[in-house]
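Shown next, in structure tokens, is the structure this report addresses.
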Amino acid sequence: MRESILSVLIFFSLLLIAQARDDGRMKYNFNSGWKVLVGNPASAQSPSFNDNGWKDATLPHSWNEDDAFRVDIANLSTGIAWYRKHFDLPATSRNKKVFLEFEGIRHAGEFYLNGKWIGRSENGVMAFGFDVSDVTLYNQTNVLAAQIDNSWTYREKATSTPYQWSDKNFYANYGGINKNVFLHVTDRLYQTLPLYSNLQTTGVYIYATDLDIPRKSATINIESQVRNEYPQARTFQYQVEIHDAVQGKKLKTITGGRYTLQANETRTIRTATHLSDINFWSWGYGYLYDVRTSLLLNNHAIDSVKTRTGFRKTEFTHGAFKLNDRTLHLKGYAQRTTNEWPALGCAVPPWLSDFSNSLVLASNAALIRWMHVTPWKQDVESLDRLGLLQALPAGDSEGDATGRRWAQRTELMRDAIIYNRNNPSVIFYEAGNHGVSEAHMSEMKALRDTYDPHGGRAAGSREMLNSSVAEYGGEMLYINKGARIPLWQMEYSRDEGLRKYWDDWSPPYHVDGAGPPYKGEDASEYNRNQDSHAVENVRRWFDYFEQRPGTGTRVNAGGVNIIFSDSNTHHRGAESYRRSGEVDAVRLPKDGWYAHKVMWDSWVDVERLAGHIIGHWNYNDSTVKDVYVVSTAEEVELFLNGKSVGKGEQSSRFLFTFANVTWQSGTIRAVGQLGARGSVLDTKTTAGEPASIRLTPHTGPSGFVADGADIALVDVEVVDAEGQRNPIALSIIDFALSGEASWRGGIAQCADNCILSTTLPVENGINRVMLRSTTRAGKVTLTATSDGLKPATIILNTKPFASKGGLSTVIPGSDLPFVLSRGPTPSSESYTISRKAVEVLNVTAGCDTEDMISSYDDDEETEWSCDGNKNSTWIKYSWDGPVNVSQMVMKLHSFRTTKYPVQISVDDNVVYEGSTPTSLGYVTLDLNATVGQSVTVASEDGDLGIIEAEIYAPA
């Protein structure tokens, strides 16, 4: 009874707040009270259709969510499902404009309101809207019906053209209305919504110019597209308020002038103001502002729009990226846009998006490159709050397109730009998941210039290495460098491995690399244990770190690891889903996550002393194994029970190997030294025998909310008598749930990947399960039992959710905090110049003289090569004046598979003889430092191909 009264009080308090604001506009949460049926019954669009037997659902909701991680992406259920909603509009909405905003569906939908067709959406990605002002009813219930078709083979109705990005490899198909929905009520003189599809409107645009980072000032420019749908002209005043969203205070009010719009006229109006003492948005510093734009009649607001945004400065030049005047070596993850979870798919509450994305930030990543299609607004806004940069694609599978399929991509990019151009985290617009033609790149860039000309965002694509149009580029994983636009790697380190497998010496004793072949080829790389997977991640990142800004004129701008979380998409390993993640599907970290957390905690050069011991310290008495430490230290010493094991062998800058360590029960401790700084980096202690179960819940900042869609995560651990997790426990846990929640379960290695099973094992001593709230507030009890272990029980109490007539003023995500953990952008430079490139003034060669310049032209699409007489297979670079030559860096033809026996001379002095190593791009050869005016590279066998050659002197 008490909870029912509380629910009523919450609703009326929110209603009073909304009424008190009285600015002529209301935005309602439209997610509650839906009905869903999988199938295609006749007349389901009719208001009189009986849907009493349909499933109740709160949006966002994928009707095939039970399939998520249970089956391969290609086997996700598809077909037609109907969604229906009964709702009542307040009488105050009469004679006003009413709009529906869908953040997206999968894949296509036909929409009906009160039996009348109101429109269609077909791209399966982007937000869209409908003007339903003339179809809504008052003093009686409205019925909205949507027929959603998520068939892989869906074709655009007008042209019978399929959508390129509806791909069974990359874009997991969670069907239905799988994103948020809102209902807007506005005056007939109003600012439009940023929903170009169907509505053809662009909304509000806010951007900063004249940014002065040291003085913390900028000019803030504000534009609103305004429409007058009164039958006569309307004169109004434009007013703008800027609020500090973090501190909750108003900073400035701007009077933007008076305007008169004729009947049915649409016009964009503008104003600007100088703003000082700005907290600029930055990496790990999600500082945001609320800009309220209002239309005033007789000093009374008849329409107000709040736009949350942030201000930052970007530069894309000299081969690198700068944020707020500081160079940032880009690092992060290429993440599937669906960002999916087991038994939920992509339809998750906002706090869970923040939970996942905050782990990205906690690993010290700076960038998420969403893959193949535009992310939904919930993730975009999450990255704003967290201070994570993002690359935003339109839609693609993997390749350029022509005709109507290309037009579909440009239309999607247009809509994505308009919808997301006020989000400061959006830094890159991606034209394609593979290279596109220069003409197509120009089209995409023109969209940016039309709809977001001042947002400080680069237009580019994967590949585009020598494009004269693209503003950034880069291959999947092969290292690129440049002196013009930033080139960063967009999908590196594709190896896979289960979190369950520590190493060869730990239960269940999976041999590293053991697993079925992939397409008839060895698949060891896709069936790794955690230790080898983490080591591989270190080695791969070093490829980029070695060529970072500060290492020459041509530099690498960074790279993103594919992927962050295990994904229900294309895979090459033993399981039915991709296990390349640095965390598993329920976001429990693997050792690779900790490795990145160590390596990436800097803008460019190493800044902090940190370290992580890979693995655990629970083995049997016969174990002798290598111990790996990932560290930013210059040297690392390992101690076992207080006695030094010795110093580790350093490789790939961050990896320290201690060979053949004999296990003893107790504690291992890694101690690192960086310059004058020394510190304990990490410790691992042997855990005792499993004794009991521990349950730990995670909920959003508002608690576990009874809205029918909220999720509570519950960690289940097997611990010893002292409460320490046992890292090799594989205990089978039985769960019993009662009260106001439904079971969504977890994931593990068993039939159907244990999806929705109430029995599943811990892996490495831990697992995680999910509960979904009902729409009734009350007690939730979860009990976990296992043979031989002390059981555990937790009790959660779900909180009432305020909704009436299918409408709520509680906007999803409005309770989520801003993350400011890394602080403002430091004012100092992020790197020290470590070497200087020698400027070549002349080149000669014994062969292929027409292409000599191609070997140092800052163009990785060209090369100089010889394949014949070893006496003529040489190339000589010269310059004016003596230089102390210490290194040579080259990108060689067939660099991944071919070793070239070469001799390198400075003037007439041989400084290097040997075979070049294979690589993923560039090889760095340390020379016997010699002063001279030329370098000659000669082949020992007559075969040599140089794509790019660079000569270096000490800084």
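From the helices alone, meaning DSSP H stretches of at least four residues, give me the mean residue ellipticity at 222 nm for the chain, per-run term -39500 (n - 2.57), in deg cm²/dmol to the nearest 500. Please list the in-between numbers first.
Values: 7 runs with 100 residues, N = 955.
Mean residue ellipticity, 222 nm, calculated: -3500 deg cm²/dmol.
Provide the descending list of Cα extents for the chain along its principal axes, expressed in whole angstroms.
Extents along the principal axes: 94, 72, 54 Å.
Rg to Rh for the stretch 438-532: what is it, with Cα atoms only and Rh by Kirkwood?
Values: Rg = 20.4 Å, Rh = 16.5 Å.
Using only Cα positions, Rg/Rh for the stretch 438-532 is 1.24.
First compute the accessible area of the chain with a 1.4 Å probe, then give the percent of it belonging to carbon and sulfur atoms. Numbers along the way, then the final one.
Values: 15880 of 33980 Å².
For the chain, the apolar C and S fraction of the accessible surface comes to 47 percent.
Can you spot the aspartates and glutamates whose alpha carbon is less than 15 Å from K779's alpha carbon? Ignore those fewer than 8 places along the same chain.
E3, D707, D710, E740
Per residue, how much accessible area does the chain have with a 1.4 Å probe, in Å²? All intermediate terms of the calculation are to be shown ahead of the outcome.
Details: 33980 Å² over 955 residues.
Accessible area per residue: 36 Å².
Take the Cα coordinates of the stretch 497-546, assign each an equal point scatterer, and use the Debye formula without solvent to give log10 I(q)/I(0) at q = 0.15, 0.16, 0.22 Å⁻¹.
-0.44, -0.49, -0.77
Percent relative contact order of the chain, based on C-alpha pairs within less than 8 angstrom and at least six residues apart? Show your work: numbers first, answer last.
Numbers: 2636 pairs, mean separation 97.5, N = 955.
Dividing the mean separation by the residue count of the chain yields 10 percent.
Going down the list K27/K249; K216/K252; K157/K445, which pairs span over 26 Å between their C-alpha atoms? Before the final figure, lay out the partial values.
Values: K27/K249 22 Å; K216/K252 16 Å; K157/K445 28 Å.
Beyond 26 Å between Cα atoms: K157/K445.
Measuring from label point to label point, each 7 Å out along Cα→Cβ, what is the A74 to K157 span in nm?
Between A74 and K157, the label points sit 3.1 nm apart.
Please list, ordered by chain and number, the residues whose modelled amide H lies under 5 Å from the amide H of D303; skip anything fewer than 5 residues away on the same chain.
For D303, the qualifying residues are L295.
For the stretch 690-728 and the stretch 880-942, write down the distance between their C-alpha centroids in whole Å.
56 Å
Which of the listed residues, G513, C346, P453, is farthest toward the dipole's positive end in the stretch 314-607, when Lys, Arg count +1 and Asp, Glu count -1 at the beta-carbon?
Ranked along the dipole, the leading option is P453.
Once the dipole of the chain is set up with Lys and Arg at +1 and Asp and Glu at -1 on Cβ about the Cα centre, which of T159, T92, T309 lies farthest towards its positive end?
Positive-most Cα among the choices belongs to T92.
Can you find, among F658, S679, T632, the residue farthest towards the positive end of the dipole of the stretch 624-685? Put +1 on the C-beta of Lys and Arg, -1 on that of Asp and Glu.
Highest projection toward the positive end goes to S679.
Roughly how many whole Å is it from the C-alpha centroid of the stretch 393-426 to that of the stretch 505-529?
A separation of 38 Å, based on Cα centres.
Normalising by the residue count of the stretch 314-607, find the relative contact order in percent from Cα pairs under 8 Å and 6+ residues apart. Intermediate results must be reported in sequence, preceding the final value.
Working: 669 pairs, mean separation 61.5, N = 294.
For the stretch 314-607, the relative contact order is 21 percent.
Relative to the present Cα-Cα distance, how much length would full extension add between A514 and N641 at 0.36 nm per residue of separation? Could you put the intermediate results ahead of the total?
On the way: separation 127, 0.36 × 127 = 45.72 nm, distance 3.35 nm.
The A514-N641 span can extend by a further 42.4 nm.
Just want to confirm a number: the relative contact order over the stretch 26-187, from Cα pairs under 8 angstrom separated by 6+ residues, in percent. Kindly include the intermediate steps, with their values, before the conclusion.
Values: 368 pairs, mean separation 56.5, N = 162.
Relative contact order for the stretch 26-187 comes out at 35 percent.
Apply the Karplus curve 6.51 cos²θ - 1.76 cosθ + 1.60, θ = phi - 60°, to the phi angles in the stretch 877-890 and return the couplings in whole Hz, x for Gly and Pro.
Working through the residues one at a time gives 10, 9, 7, 8, x, x, 9, 7, 7, 10, 8, 9, 10, 9 Hz.
Compute the long axis of helix 403-420 from its Cα atoms, compare it with the longest principal axis of the Cα atoms of the chain, and write down the angle in degrees, 0 to 90, nearest 10.
80 degrees
Ranked from the most accessible area to the least, with a 1.4 Å probe and all protein chains present, what is the order of W600, W743? Mind dumping the intermediate values first?
On the way: W600 0, W743 35 Å².
So the residues, ranked largest to smallest area, are W743, W600.
What is the helix-to-structure angle for 350-362, meaning the angle in degrees between its Cα long axis and the longest Cα principal axis of the chain, kept from 0 to 90 and rounded to the nearest 10?
Relative to the chain, helix 350-362 is tipped by roughly 20 degrees.
Excluding residues on the same chain fewer than 8 positions from K870, give the aspartates and glutamates whose Cα lies under 17 Å from its Cα.
D848, E913, E940, D941, D943
Hey, which of these cross-link pairs are over 30 Å Cα-Cα: K35/K500; K168/K306; K313/K481? Don't jump to the answer; show the numbers that get you there.
Working: K35/K500 39 Å; K168/K306 39 Å; K313/K481 23 Å.
Pairs exceeding the cut-off: K35/K500; K168/K306.
Using the crude model of +1 on Lys and Arg Cβ and -1 on Asp and Glu Cβ, and no other charge, please compute the dipole size for the chain relative to its Cα centre, in debye to 20. Mind dumping the intermediate values first?
Numbers: 94 positive and 113 negative charges, 843 e Å.
Dipole magnitude for the chain comes out near 4040 debye.
Taking the Cα centre as origin and putting +1 on Lys and Arg beta-carbons and -1 on Asp and Glu beta-carbons, what dipole magnitude results for the stretch 158-231, to the nearest 20 debye? It would help to have the intermediate numbers written out before the result.
Numbers: 6 positive and 6 negative charges, 37 e Å.
About 180 debye.
Rank-order 605-612, 355-362, 895-902 by packing density, defined as the average count of other C-beta atoms within 10 Å over each peptide's residues, highest first.
Details: 605-612: 18.8, 355-362: 20.5, 895-902: 16.2.
Descending mean neighbour count gives 355-362, 605-612, 895-902.
How far, in degrees from 0 to 90, does helix 438-451 lean away from the longest principal axis of the Cα atoms of the chain, to the nearest 10?
50 degrees
Once you charge only the Cβ atoms, +1 for Lys and Arg and -1 for Asp and Glu, what is the size of the charge dipole of the stretch 835-954 about its Cα centre, to the nearest 20 debye?
Numbers: 7 positive and 21 negative charges, 98 e Å.
That gives the stretch 835-954 a dipole magnitude of about 460 debye.
Keeping all protein chains in the complex and leaving out DNA, RNA and ligands, what accessible area do you get for T159 with a 1.4 Å probe, in Å² to the nearest 10?
Roughly 70 Å² of T159 is accessible to a 1.4 Å probe.
Figure the gain on full extension for H300 and E689 (residue separation times 0.36 nm, minus the Cα-Cα span) and round it to one decimal in nm. Intermediate results must be reported in sequence, preceding the final value.
Details: separation 389, 0.36 × 389 = 140.04 nm, distance 7.04 nm.
Stretched out fully, the H300 to E689 stretch lengthens by 133.0 nm.
Around L59, what is the net charge, scoring Lys/Arg as +1 and Asp/Glu as -1 over all other residues with Cβ under 11 Å from its Cβ? Walk me through the intermediate numbers first.
Details: positive: K85, K179; negative: E103, D707.
For residues surrounding L59, the net value is 0.
Out of the DSSP beta bridges found with both residues in the stretch 314-607, what percent are antiparallel (nearest 5)? Could you put the intermediate results ahead of the total?
Values: 13 of 39 bridges.
Close to 35 percent.
The values are calculated or read from the model by the stated rules, or taken from the named source; none is laboratory data. Remember, it's a predicted structure, so these values are computed and weren't measured experimentally. Note that we place each Cβ from the backbone using ideal geometry, even for glycine, and neighbour counts take in every protein chain shown. Note: areas computed on protein heavy atoms with side chains; ligands, DNA, RNA excluded. Shrake-Rupley method; radii C 1.70, N 1.55, O 1.52, S 1.80 Å.
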